[in-house]
1. For segment 1-77, which GluC sites (Glu not before Pro) are in a loop by DSSP, counting at most 10 other Cβ atoms within 10 Å?
2. For the chain, what % of the accessible area comes from carbon and sulfur atoms, probe 1.4 Å?
3. What full-extension length gain, to one decimal in nm, is calculated for Asp229 and Arg126 as 0.36 nm per residue of separation minus the Cα-Cα distance?
4. Using θ = phi - 60° and the Karplus curve 6.51 cos²θ - 1.76 cosθ + 1.60, what whole-Hz ³J(HN,Hα) does each residue of segment 33-43 get, with Gly and Pro shown as x?
5. Evaluate E = 1/(1 + (r/R0)^6) for Ser216 and Val4, where r is the Cβ-Cβ distance and R0 equals 41 Å; express this FRET efficiency to the nearest 0.05.
6. With a 1.4 Å probe and all protein chains left in place, how much accessible area per residue does segment 188-242 have, in Å²?
7. Pop out the ³J(HN,Hα) list for segment 185-196 in order, Karplus 6.51 cos²θ - 1.76 cosθ + 1.60 with θ = phi - 60°, rounded to Hz; leave Gly and Pro as x.
8. Set the Förster distance to 22 Å, then compute FRET efficiency between Asp98 and Glu62 from the Cβ-Cβ distance, nearest 0.05.
Amino acid sequence: MAGVLDDAEISRVLSITAHPDDVDFGSAGTIARWTGAGIEVVYCVVTDGDAGGFDEGFPRAEMAALRRAEQVAAAKCVGVDEVRFLGYPDGRVEATLDLRRDLARVIRQVRPDRVLCPSPERNYTRIGISHPDHRAVGSAALDAVYPDARNPFAFPELRDRESLRAWTVREVWIAGGPDPNRYVDVTETFPAKIAALRAHESQTGHMADLTERLRSRLARTAQLAGLADGRLAEGFRVLDTG
Ligand SMILES: [Zn+2]
């Protein structure tokens, strides 16, 4: 496909998600392949997932810290050492100018070749994947890629007060959208993806069938990709943004 970069051209990837666990459900198999190939991956998680969990007896005030720790542990399962949290309130994220500036700041600091983010579009095949926070973060992340991070005159305080120079992200991978155009075979990294998901104990501890549920979902994606029976895949919409 024209305009899409080979992994060999990529040094750094920034994953932007709304909640702890989003990157693991959507993309951890692909992330493990990237880190295995020597690509540095940084996670930026917009909320602490403080509205998550299922145990009503667990103190709500402690949920944010627990979920941050779970995401850091999950990241290590797929070779990611750096996780940044922006601390927005779970369930109330909007694609505001503040969020765009905060994401543009992280992009200018990390200087990634590729950004991975959720889709701003609603996917009618699976309601959970189009959580309003996911759509808001997807919209703000794309705006941060273009124009905010690359335009030196956008959010001038980033340049004037923080000495952050403009940065052009060359490629965006959108997870969870309605129209994927790129599939990654994650059969070999599936165990690492499951380990990462199991690290989110507060979210997946009650899912006895997690492995089988994920295996059948990723097998369906592999079928769409035209891969052989028994293979597993994650799907993305890849944009050339250079
Ligand atoms: Zn989520």
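1. Hits after loop and neighbour filter: Glu56.
2. Details: 5550 of 11060 Å².
Taking all protein chains in place, the chain shows 50 percent carbon and sulfur surface.
3. Working: separation 103, 0.36 × 103 = 37.08 nm, distance 2.33 nm.
Answer, rounded to one decimal: 34.7 nm.
4. 5, 4, 5, x, 8, x, 7, 7, 10, 10, 9
5. E(calc), rounded to 0.05, equals 0.90.
6. Value for segment 188-242: 51 Å² per residue.
7. 6, 10, 4, 6, 9, 4, x, 5, 4, 5, 4, 5
8. About 0.25, to the nearest 0.05.
The values are calculated or read from the model by the stated rules, or taken from the named source; none is laboratory data. Every value quoted in this text rests on a predicted model; they were computed, and no experiment measured them. In this analysis, Cβ positions are derived from the backbone assuming ideal geometry, glycine residues included, and neighbour counts consider all displayed protein chains. Only protein heavy atoms, including side chains, enter the accessible area calculation; ligands, DNA and RNA are left aside. Shrake-Rupley method; radii C 1.70, N 1.55, O 1.52, S 1.80 Å.
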